[in-house]
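The values are calculated or read from the model by the stated rules, or taken from the named source; none is laboratory data. Small disclaimer: the values here were computed from a predicted structure and weren't measured. Every residue, glycine as well, gets a Cβ built from its backbone with ideal geometry; the counts of neighbours run over all protein chains shown.
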């Protein structure tokens with residue numbers, strides 16, 4: 001089939017009619033999972049540090065350890081996801097993560113206890129992330145998989161807009177301990193039950209398709225992790241996720257001082273950071289929509305190359321507010337597209353049976369790349385007095401990531417009409 005844009009058909013609409021609840025449920029689950037904590041963690045730094053005499057560096061070390069623990073356990077979570085299904089993993093890990101929040105609310109000032117909780121939070125957190133909640137989405141959507149993933153992952157962006165002011169109010173009025181209890185309630189008592197109720201008994205194996213219409217059947221064989229490791233496409237995805245996460249996470253981790261160094265006022269810096277968050281949401285939706293209608297490899301390549309332009313714009317001495325905002329929006333849009341792209345390519349390339357195991361290893365590579373970025377961008381600034389070298393490396397890496405997507409290969413044939421249960 002030629003690589004041409006495809007309009008939405010009656011079969012696509014039928015797929016949405018049968019699966020919209022699943023996409024919405026996945027959005028609720030991801031939006032109240034560990035991703036939410038990443039957006040609101042900074043709210044707790046001041047009050048917790050003040051009460052126990054911990055420095056920001058002390059709290060930062062705990063966060064880094066948590067991130068590393070979560071990264072190395074993602075392949076294990078992915079393996080259990082394939083064996084026992086997403087519902088059990090989501091329930092166990094959501095309850096576990098909520099328990100960690102509740103225990104944080106009871107913190108008495110032991111730093112080692114805090115570190116232990118952060119390690120446990122990183123482990124349970126992986127089971128409330130995209131690796132788990134994208135599985136029922138890709139199992140239920142074939143023709144509209146890209147857009148469904150885009151809408152599902154948009155749940156984290158929407159939660160990032162709503163939760164921070166809510167938790168800031170709770171912290172201000174009732175204290176930071178109440179804030180952690182509110183997080184526990186959002187995860188275990190609101191998000192997870194809503195997600196599972198909407199998703200229901202969704203399929204966890206590929207949907208069955210009919211072969212009596214004009215489209216050729218979509219036949220993606222299920223490939224084990226061992227066999228995937230022998231394939232060039234697997235390593236291209238590893239290269240792509242590393243090349244995306246190092247500059248993307250590096251810029252995000254230093255966003256406020258980086259933009260401030262361009263000469264913008266504090267007020268303008270705050271607005272630019274909000275524009276970054278908006279870029280995440282827009283990137284998720286546009287990328288998901290495009291994956292269903294255009295050649296996926298070029299969608300991946302273009303969305304990964306665009307932020308390289310944004311990085312170059314940030315290197316212009318004393319850019320205008322509009323130019324800085326445009327640059328940050330470009331980088332944010334790509335970061336928003338990341339989950340859509342990798343969930344889509346993994347499922348289209350390796351099938352669904354071993355999706356969790358394969359996604360877990362690729363996600364671990366991405367998480368470790370993020371950890372490298374969080375340290376290296378700041379260290380490069382300390383050594384050189386500016387972010388220019390780090391930004392130059394970042395622009396090159398985005399271009400390499402774009403080439404990795406371009407080399408992955410052509411889109412498989414379109415799926416025929418899904419036979420509903």
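Residue check: is residue 66 free of Cβ contacts under 8 Å to residues at least 60 places away in the same chain, under 22 Å from residue 338 (Cα atoms) and surrounded by 17 or more Cβ atoms within 10 Å (Cβ to Cβ)? Against the criterion (free of Cβ contacts under 8 Å to residues at least 60 places away in the same chain, under 22 Å from residue 338 (Cα atoms) and surrounded by 17 or more Cβ atoms within 10 Å (Cβ to Cβ)), residue 66 qualifies. Is there a residue in segment 183-200 that is modelled with pLDDT of 60 or more, surrounded by 20 or more Cβ atoms within 10 Å (Cβ to Cβ) and in a loop (DSSP other than H, G, I, E, B)? Checked against the condition, which is being modelled with pLDDT of 60 or more, surrounded by 20 or more Cβ atoms within 10 Å (Cβ to Cβ) and in a loop (DSSP other than H, G, I, E, B), segment 183-200 yields no hits at all. Where residues in segment 378-389 are modelled with pLDDT of 80 or more and surrounded by 12 or more Cβ atoms within 10 Å (Cβ to Cβ), which of them is nearest to residue 255 (Cα to Cα)? For segment 378-389, the residue satisfying everything is 387.
Those residues that are surrounded by fewer than 17 Cβ atoms within 10 Å (Cβ to Cβ), in contact with a helix residue (DSSP H, G or I) (Cβ under 8 Å, 6 or more places away or on another chain) and free of Cβ contacts under 8 Å to residues at least 24 places away in the same chain, I need them from segment 165-174; list them, please.
Step one: filter segment 165-174 for residues surrounded by fewer than 17 Cβ atoms within 10 Å (Cβ to Cβ), giving 165-166, 168-169, 172-174.
Right, trim to in contact with a helix residue (DSSP H, G or I) (Cβ under 8 Å, 6 or more places away or on another chain) and you get 166, 168.
166 - this is the single residue of segment 165-174 that is surrounded by fewer than 17 Cβ atoms within 10 Å (Cβ to Cβ), in contact with a helix residue (DSSP H, G or I) (Cβ under 8 Å, 6 or more places away or on another chain) and free of Cβ contacts under 8 Å to residues at least 24 places away in the same chain.
Taking the criterion of being in a helix (DSSP H, G or I) and within 22 Å of residue 185 (Cα to Cα), would at least one residue in segment 56-64 satisfy it? Within segment 56-64, one or more residues are in a helix (DSSP H, G or I) and within 22 Å of residue 185 (Cα to Cα). Against the criterion of being at pLDDT 90 or above, closer than 25 Å to residue 285 by Cβ and not assigned by TED's automatic domain parsing to the domain that holds residue 131, residue 240 qualifies. Screening 177, 203 for residues that are in a helix (DSSP H, G or I) and either surrounded by 13 or more Cβ atoms within 10 Å (Cβ to Cβ) or modelled with pLDDT of 90 or more (or both) leaves exactly one candidate, 177. Here residue 57 fulfils each of the conditions (1) without any contact (Cβ under 8 Å) to a residue 60 or more places away in the chain; (2) closer than 22 Å to residue 165 by Cα apart from (2).
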